[in-house]
Structures are given as structure tokens and as C-alpha cells.
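Worksheet for the structure shown next.
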Amino acid sequence: MTTAIEKNKLVDARSIRTLFFICWITYVATYLGRLNFNASMGEMMISDHFGKSQLGLVAAAFFFVYGIGQFMSGILGDRLSPKLLVFLGLSLSSALNLAMGISSTYEMMVILWSLNGLAQSLTWSPMAKLIVDRLPNKLSLRALAILTTTVPAGTLITYLMDSYLIDYSGWRMVFYMAAYLMLPAAVVWYIVISKLEHKADSGGSTEHSPVLAPSGPPLIHHTSLYTLFAVSGLLFIGMGALLHGILKDGIMTWIPTYLAEGYNTDSSLAIRLTMILPVINLAGVYLAGVLNRKVCRNELVTAAFLFVVTVLALLVLIGYGQKSLPLTLLMLGIVTSAMLGVNAMLVSFVPVYFRESGRVSTVSGLLNSVTYVGSAFSSYGIGAVTERLGWGITRLSWCVLALAGAVICMIASGRWRTFTRKL
């Protein structure tokens, strides 16, 4: 059995904690300049008379470009400095949020917010690559699992901040504040990561990761992405990621509007009600990890189970949601928690298995890309369908998509089990 030399790893506990902490803070900061548009949509419709389909198009432009950019940044992350890519992404996003606060037409917002999607796409895949490169192998998967908590944490912080800013200063201040906070975060990221990389290169350990014997999957650097697709079942995994993206971001984008219209709440109250969901999501992300580690022991089986949970919660929402706001919030909390669990399985955990092939960032970028292409379709599609057919048909379509996701993940689970057992 041969060995492949990886980059020097951080060895002391303090440096490892520092790397995780700066990654967690930095990625939370990206949500300030991403979810702020979702939080502001209701107020923008009221104060500036934007239409649902117009704002849905702005959100869709972000997700579509973000998805395409994820694939590009995944490839770049395996070739260029992850530290520099994340810094550029956060800095550019800060500037574009500032420009969004100044803009006054939805056409201009489409352009600016799609460019923001490109800037934000430079963060996750390179960051995942950095973690795999600089943390011991046993810790990298755990770190990526814990980093999934940035989604509910970033949502909670963004929605809390934005609800008060909208109350006291209007929706434009939401974008100004995001720009103000993200730029220092980018600078701190660059400084801290530079110090940690220097420490690892000067005094860290070099791990030798076993490369599989010829009887296993051909996981070597020159293996084509097509071969990895065939061996691991990445095509089906990508289809599951696409469907979960439609549900995860499509639903989260429209929840404040859904609550405001369905229960006659004002914009800021709808945002504050939405803040209940990230609290539920934190527990959901943790339980998804435990479920995969202790029970399913297969990321695709776990994802399929979580899709089924989503179907059941949506059926309750369809049948009884209109009668009770607390029940609606609980079911939406279960749905978004399950989708974050699927996100952890398909987007965070799956790419780590491609470490030996040197494709962690590429696979991460690919799966993120298809996820956010799905998000783009749903962000616009939900607004357009709701305008024409109402929320009832929209909820039913969510249920059908979740069922399809469960079927696809179960189909892929057998090949994925074979692939991972050979590693």
C-alpha cells in the first residue's frame, strides 16, 4: 500500500480550536450579507411596492449565480489559496451589500444580488478544503459537521438584527449594516489564517493518508471526475442535493412572507416569528449527526429518512397548519431542520470521502452548485406559483419534491455504502 503526503496539520489543541472558531465566525458573517434580502422582502413589498415575482427573481438570480460559482470555486479551491478566496469573497460581498442599500430598481438589484451570489460562492468549498488540509483527518469530519450549525446560527443572528433595523431604520439599513460587519470579518480571517498556516508549516505534523489498493476505487489525483461519478453514485447524490436545495432555501426564502400573508402579521413580527426556526434547527442538525453516526451509518440512508420526515411534517402543515400558528411554526421548524440535516449529509460529509483523490473542494463545489441551482428555481418559482395558484398548491409541491428526494437517496445508498466501505 502506498501513501500520499498531505499538507502539514495543526497539532496543538489551541490552534485547532482557533481554526475552527475563525471558520465558524467567518461563515456566520456570510449569512449577514445573504439572508438579509430574504428578511427584507416583506418590507420591500410594503414600502416600495415591489411584486413577489420581482423579488423572487432577485433571490433566484443570487442562488443561480451562487450555484454556478460554487462549482467554479470548488475547482479553484483545489488549486489556489483557500485563505485568499474566502477573503475575496467576503470583501466583495461587503461592497455589493453596500450597493444594494443604494439601489432603487429591481433590475439593478438583480444585477447586484447575482454578483453577490458569485462573491459568496468563494467561501464554503475553499473553507472546507482548508479544514481538511489543516486538521487531522479524524477531526476534519467532526469540524465540518459542527460547522453546519452556522446555518441556524447565521439565520438567527441575521433575522434578529434585521427585524430591529427594519423597525427603526427601514430595509436599506439592513444592507448597510451587513457591509459594515463583513469587511472587518474578512480582514480578521486573513490575518488569523495566515498565522495558523505559518504555525502548521513550521511546526505541524505531516499525515500520510493511505491510498487504496488497486482493488478499491481508483482514487488517485488523475482520476477523472466521470470515474468518481460512476464509482460513488455522485449523479444520484447530486439529484438529491438539487431537490433539497429547492426545499431548503426556497422555503426559508419565503417563510417571512408566508407567515405575514397567512396570519396577517407585519413584516418585523413575521421576521421575529421566523427566528424560532433556527432554534429548532440547532437541535435538528445535532440529531441528524447522531442518527447518521449511531443508527444509519450511511449518509444517503440518513438523508432519505430526513426527506421522509419532511414529507410527514408537510402533510401535517397541509392538513392542519392554517388552524394554528404554533403548529405551523413547529412543522416548518421540522422541515427546515430535516433539510439542514440533508445538507450536512450531502454537502458537508460526502465531499470528505474524496480526500484521497484530491477532490474535496471540487466535489463540495459541485454539490453546492446543484443545491443552489435548485434554490434559484424555487426562489422564483415559489413566488410565481403563489401569485397564480396560492399557497395550497405550493405546499403540495413541496411534499411531492420531498418524496422524490427520499426515493433518490435510497436508490443511491447501496452504491455509496460500497464506495465508503472500500475507503
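The values are calculated or read from the model by the stated rules, or taken from the named source; none is laboratory data. Everything numeric here is computed off the predicted structure, so don't read it as measured data. Heads up, the Cβs are rebuilt from the backbone with ideal geometry, glycines too, and the neighbour counts pull from every protein chain shown. For the accessible areas, the whole protein counts, side chains as well, though only heavy atoms, and no ligand, DNA or RNA atoms are used. Shrake-Rupley method; radii C 1.70, N 1.55, O 1.52, S 1.80 Å.
Structure notes:
- If you look at the Cα atoms of the chain, you get an Rg and a Dmax of 20.8, 66 Å.
- Mean Cβ count within 10 Å, highest first, over the residues of peptides 194-200, 278-284, 305-311: 305-311, 278-284, 194-200
- Accessible heavy-atom area order of Tyr380, Tyr353, highest first, probe of 1.4 Å: Tyr380, Tyr353
- Residue-span extension gain [Ile111 to Lys323] - 0.36 nm each, minus C-alpha spacing: 72.3 nm
- Each Lys or Arg adds one and each Asp or Glu takes one away; over the other residues whose Cβ falls under 11 Å from the Cβ of Gly374, this sums to 0.
- Vicinal HN-Hα couplings computed from phi for the stretch 59-66 (Karplus, 6.51 cos²θ - 1.76 cosθ + 1.60; Hz; Gly/Pro x): 4, 5, 4, 4, 5, 5, 5, 4
- CD proxy at 222 nm, helix term only [per DSSP H run n ≥ 4: -39500 (n - 2.57); per residue of the chain; nearest 500]: -27000 deg cm²/dmol
- Subset of Lys294/Lys422; Lys129/Lys199; Lys9/Lys248; Lys83/Lys138; Lys83/Lys199 violating a 26 Å alpha-carbon distance limit: Lys9/Lys248
- Between the stretch 356-423 and the stretch 158-198, the Cα center-to-center distance that results, in Å: 29
- Close amide H contacts of Lys9 (hydrogens built in the peptide plane, cut-off under 5 Å, sequence separation of 5 or more or a different chain): Ser205, Thr206, Glu207.
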